[in-house]
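Written out below as structure tokens is the structure these notes cover.
Bear in mind that the values in this text are calculations on the coordinates, not laboratory data. All values reported here derive from a predicted model rather than from experimental measurement. Here the Cβ positions follow ideal geometry from the backbone for every residue, glycine too, while neighbour counts run over all protein chains shown.
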Amino acid sequence: MKCKDKYKNLDKYRAAKRRQQQRHRDRYGAGKPPKSWSDEEIRLLMGFDGLDRDLAKRLNRSLGAIYTKRARVRLEQRG
């Protein structure tokens with residue numbers, strides 16, 4: 001039985017869950033800030049012809065960070 005099943009009113013469950021998550025963020029922080037990108041990393045990001053998975057290992061970044069940064073750099077180059 002999940003905790004969610006104990007509540008008859010899901011609004012109360014959502015409010016309790018929101019308070020719990022806020023307490024956790026207050027206690028442990030909102031996480032680490034994103035790492036900044038060096039010019040060399042950006043050049044490698046834009047000119048790499050291999051798999052993104054290999055690039056992620058090489059740069060020690062997540063695939064999501066690579067996709068996001070590549071899209072942002074392309075937008076900057078267009079505008």
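Quick notes
- Cross-link reach is defined here as a Cα-Cα straight distance under 26 Å, omitting same-chain residues fewer than 8 places apart; for K17 the lysines meeting it are K2, K4, K6, K8, K32.
- Neighbour counts of C-beta atoms inside 10 Å place E41, E76 in the sequence E76, E41, starting with the fewest.
- Electrostatic tally near W37: other residues with Cβ closer than 13 Å to its Cβ, Lys and Arg +1, Asp and Glu -1, net +2.
- For the chain, the 222 nm mean residue ellipticity estimated from helices alone, with every DSSP H stretch of n ≥ 4 adding -39500 (n - 2.57) and the total spread over all residues, rounds to -21000 deg cm²/dmol.
- Charge-dipole axis of the chain as Lys and Arg at +1 and Asp and Glu at -1 on Cβ define it, positive-most pick from G79, Y67, G50: Y67
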